[in-house]
Amino acid sequence: MRLDSHFVEILVLDFGSQYTQLIARRLREYGVYTEIVPYFEKIDSIKAKNPKGIILSGGPASVYEDGAYKPDSAVFDLGVPVLGICYGMQYIAHFFGGSVVRAEAQEFGKAVLEILNLEESLTFSEFSHKSMPQALEALVDLWEDSVRESHDFLKANDIVALKPEVSELLKASENTLVATDDETFLGFLGVEHNRIEMLFVHPKFFKRGVGIALLREAFVRSLRQHNNIVVDCNVGNARGLRFYKRLGFREIGVSQKDSKGRDFPIMHLEVSSEELESNLRSHNILFHNVKQDSIVWMSHADKVESLPSGFVELAKSGNTHYCAIADFKRRVYALQFHPEVVHSEYGGEILKNFAVGICGADTSWNMRNFAESEILKLREKVLGEICENRADSISILETPRTYLRPYHLDDLEALQKILDEKTMYAWGHAFSKQECKDWIEQQLQRYQKYGFGLWAVVDKASGEIIGNAGLNYESITLVGEVQDEVDSSAESKECEILELGYIINHRFWGQGLGLEVASVCAKYAFNKLGVKELYCLVKEDNKPSLKLAKKLGMRIVGKNLKHYKGQELAHFVLKTNELVLCTNGENFNQKCEARVESNMERFAKDSKPMQENSKIFDEKTSEAVQGEAAAGFFSKCGLQGKSQGSLLNINDRSDFSQLPHLSQKAEFSKVLCAVSGGVDSSVVATLLYRAIGENLIPVFVDTGLLRKGEREAVEAMFRENLKVPLIVADARELFLGRLKGVTDPEKKRKIIGESFIEVFEAEAKKHNTKGEIKFLAQGTLYPDVIESVSVKGPSKTIKSHHNVGGLPEWMKFELIEPLRELFKDEVRALGRELGMPESMLMRHPFPGPGLAIRIMGEVNAADLELLKEADSIFIEELHKWGLYDSVWQAFCVLLNVRSVGVMGDNRTYDNTICVRAVEAMDGMTASFSHLPHAFLESVSNRIINEVAGINRVVYDITSKPPGTIEWE
Ligand code: XMP
């Protein structure tokens, strides 16, 4: 899983192809987190992202043109595999010394992929002269053909002389493996213990993976039992030597004569079994599970004419010889076609084979992980919370009105403030300032030592610390006297308890905050830590706390005497074995409790009484530490951790002091977010609300130019489904007033834009009386981000900043763009993960100026009503006919055209409604939707019958270009 924003599995360098985004989308569909950067990305920035593989995209340029796009050549030295696609392939061929030329015929469209590697279609059998005497001759012939082609140091009569020797060898061999394809022998390999005795492939099938396949098969069958594998190869057999060396074989010696004493120098080579296995695995898996003769999508004018040295051809297609190439040693692969385009039948497989099979990329990218990590990041950024990737992390708890977060050392002063005389008196007894400080220090020491149970209670609304809460181990002397469970013998009993304690500053008493805080701590203790029982110590005369403990389901089980200032104060000991009360909305993040729980686990082990009766801990506590993940994390921090099953043991607790300490607490601040009712801004608002609660200020402006029922639908969605308190600014009159008499479309747009900012600004001001707004949230998507730093260079206007262009200076806050890594369909998936309704997520786009640009000419209240009614009928019908999701955008336009009609016996002279529906990818181009005539007929009938004032309906059959989607 991704832990921070720099962690990228595959990085795509963009050379300007129209398909580049698809590469990232395809890979992300497989759960591989992929990002795109321009081809000129600095090598240090690439290194910082630490990708497991790099893809060079296609692009319109030619590698031999002046100023052709070139990446930093150090991308080939990063030690990770590289895949070039189209231009990327040509660049690779050119860079490594091959040649690229303009193809005689541009190849554009579908082509058939002929995979040269035959591995997938081979079968293997063990040759034995006894059972297959007829095969001997064929194998000897194969040997002859093979050496004629590859052993040019042998003369014809040498070959003839050697033939009987080979025949005898084969006859005697017990371990010869034969590769067959449709009855034809393609090659054979003989082994003796850890020695490869012979490996020959028919020349027609050289470079087609037969040798590798034979070796892989022999490895699995027998060679892998040995630590090292050895082979002897004629020094003159350059092809053979290259083959072995590519697989990691190293020279260990040379003999001047062969085993029969002839003058053929022999090189002795060796490889470790481990290395051979890994090299065999990375070979030729680019086309794993890809069918022979599948369709691929070509779009190129240039082609590779000759291969650089070290490269082999993996596939060809009709016009293109070098359709897929690779240098296995350098781990550089290249494809002439576009695997990212859907027309490439197995394109997704090929990209996945590269990312997962060759690069070893992680496939756990999904919207659940994204949502979790994004919420933590946002929380840290805005509230200054600690994030998951730090050892000091313990759970952050949330209640409807507060957050409980771990104390930072620099919170001491704030904590001291809340433990003032009045508060402490009511809690136990008055503490002097010094005592207060001592107490805090003692608590912090415990926290440092055990890593759990002392939280700062932060008011969500103000960001102020208003109290603390904790789960502490206490050693008490329980004097049973009150209730059934306690020994009636009233003998005192020493015991260790897990105590729930909380303090709320007196200024915040009487609002039920104590109950919220105590119940979330109890929930954490029972549900997360898996404790079996929980205690409270309440001073005898502290009636409110006693009442609260009882609300938590606690019963008095005895008394304990505490010593303060030389006097003894009697405390009731209350206990509960279950979670009785839970307020709504509290939750705790489930991450990174490694330190907390491992320490608690240790505590349990170190603490004899508890280990013996095992009351407090059950199995779950230790199970909850995810051994592997935690071990990885600790080793990253340079700590010695050992995983035992699912439990992590940290050898030495003092090592924690080595870890980087918490950063300074960031300012507690608020985030302003304009909500339009569209998918992106609604998802942003929901995500932010989950992260920072009421520190989000989501503002929805009702311009009066919205669709029928739009405001109500958005309000209901935020209220009922998302529980986000939406602020609605009703500005209907203002907008209508300002649009009065205005007919020019551009003027309308300008008025609407300016008025929107004005209303938004006024609303923001109300929530910024102390300057607490520090951020502005926007629904910028990944395509906008990529486009704004496209290959044309960073000088191109950055789109994400476009939208804030019209804001007044004081509102130019730091931008928060939580969707900037996501594609549109991923935003929808994220919305689903956050529990947003489908009707919201699948909405069509709606323009900012709203219905004003769908009423030709002046906008007035009466026309708005007409349009809203007609439009709602059209949309309703689309849903009814199941057509809504199949069109990209659909709406009605009220034309300033009247025409004559007849309705019943009357002649009418009324308005015309235009119905518009388009199909598009992104709205840049569009074609009108071919909606069924019966459907259009029913829409027309309903509009004319149900909307008084409309007597004619027309359907817009214009595409874009030349038209636009909207009418104004
Ligand atoms: P056109 O009419 O330009 O529309 O083909 C393309 C897409 O953009 C939307 N659109 C707008 N969106 N403010 C917006 O936020 C605008 O002023 C605006 N004008 C058009 C339109 O609905 C379509 O989806």
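The values are calculated or read from the model by the stated rules, or taken from the named source; none is laboratory data. Keep in mind the model is a prediction, meaning the values are calculated, not measured. Every residue, glycine among them, receives a Cβ derived from its backbone with ideal geometry; neighbour counts consider all protein chains shown. Heavy atoms of the whole protein, side chains included, go into the accessibility calculation; ligands, DNA and RNA do not. Shrake-Rupley method; radii C 1.70, N 1.55, O 1.52, S 1.80 Å.
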Counting heavy atoms of the protein chains only and a 1.4 Å probe, report the per residue accessible area for the stretch 793-933 as a whole number of Å².
47 Å²
With R₀ set to 35 angstrom, the calculated FRET efficiency between the beta-carbons of ALA934 and MET903, to the nearest 0.05, is 0.95
Could you go through the stretch 709-714 in sequence order and give the Karplus-derived ³J(HN,Hα) for each residue, using 6.51 cos²θ - 1.76 cosθ + 1.60 with θ = phi - 60°, rounded to whole Hz, and x for Gly and Pro?
x, 5, 4, 4, 5, 5
For LYS70, placing the label point 7 angstrom along Cα-to-beta-carbon and taking the stretch 87-103, residues whose amide nitrogen sits under 13 Å are 91-92, 94-97
Give me, ordered by chain and number, the residues 5 or more places off GLU305 or on other chains with an amide H under 5 Å from its own placed amide H.
SER99, VAL100, VAL101
How large is Rg/Rh for the stretch 289-378, to two decimals, with Cα atoms and a Kirkwood Rh?
1.11
Simple spin-label estimate for ALA238 and VAL112 in nanometres, 7 Å along Cα-Cβ
3.5 nm
Step through the residues of the stretch 285-295 one at a time and calculate ³J(HN,Hα) from phi using the Karplus curve (6.51 cos²θ - 1.76 cosθ + 1.60, θ = phi - 60°), rounding each to whole Hz and writing x for Gly and Pro.
9, 4, 9, 4, 6, 9, 6, 4, 6, 7, 8
Among the listed pairs LYS47/LYS303; LYS824/LYS880; LYS381/LYS812; LYS422/LYS562; LYS723/LYS824; LYS417/LYS550, those beyond 22 Å (Cα-Cα)
LYS47/LYS303; LYS824/LYS880; LYS723/LYS824; LYS417/LYS550
If you take the beta carbon distance between LYS422 and ASP730 as r and set R0 to 56 Å, what does 1/(1 + (r/R0)^6) give as a FRET efficiency, to the nearest 0.05?
0.80
Return the long-range amide H neighbours of GLY923 (sequence gap of 5 or more, or a different chain), with a cut-off of under 5 Å between placed amide H atoms.
none
Cross-link reach from LYS770 to aspartates and glutamates, straight Cα distance under 18 Å and at least 8 residues apart if same chain, gives ASP459, GLU464, GLU667, GLU694, GLU761, GLU809, GLU814
Distance in nm between label sites at GLU197 and TRP881, each 7 Å beyond Cα in the beta-carbon direction?
7.7 nm
Under 5 Å, built H, 5+ apart or other chain: amide partners of LYS110:
MET298
As a test question: what accessible area, to the nearest 10 Å², does TRP439 have when a 1.4 Å probe is rolled over all protein chains in place?
40 Å²
Would you work out which of VAL210, GLY261, MET298 lies farthest towards the positive end of the dipole of the stretch 210-310, given +1 charges on the beta-carbon of Lys and Arg and -1 on that of Asp and Glu, about the Cα centre?
GLY261
So how much slack lies between SER121 and THR964, counting 0.36 nm per residue of separation and subtracting their Cα-Cα distance, in nm?
298.2 nm
Between GLN225 and ALA301, what FRET efficiency follows from the Cβ-Cβ distance if R0 is 41 Å, with the result rounded to 0.05?
0.20
Quick one: check the C-alpha center-to-center distance for the stretch 179-240 versus the stretch 288-352, whole angstrom.
26 Å
Student exercise, the stretch 839-968 dipole from Lys, Arg, Asp, Glu Cβ charges, in Debye to nearest 20:
140 debye
Using a 1.4 angstrom probe on the protein heavy atoms only, could you order TYR64, TYR502 from most to least accessible area?
TYR64, TYR502
From the P(r) of the stretch 900-968, can you give the percent of Cα pairs sitting at distances over 19 Å?
44 percent
Using 7 Å Cα-to-Cβ label points, what is the ALA762/GLU144 separation (nm, one decimal)?
9.9 nm
In straight Cα distance, which aspartates and glutamates are under 14 Å from LYS551, not counting same-chain residues fewer than 8 positions off?
GLU516, GLU578
Any chance you could tell me what percent of the C-alpha pair distances in the stretch 159-200 go past 12 Å?
64 percent
Could you give the length gained on full extension between THR180 and ASN577, defined as 0.36 nm per residue of separation minus the Cα-Cα distance, in nm?
135.9 nm
Quote to one decimal, in nm, the extra length available between GLN18 and SER309 on full extension: 0.36 nm per residue of separation minus the C-alpha distance between them.
101.7 nm
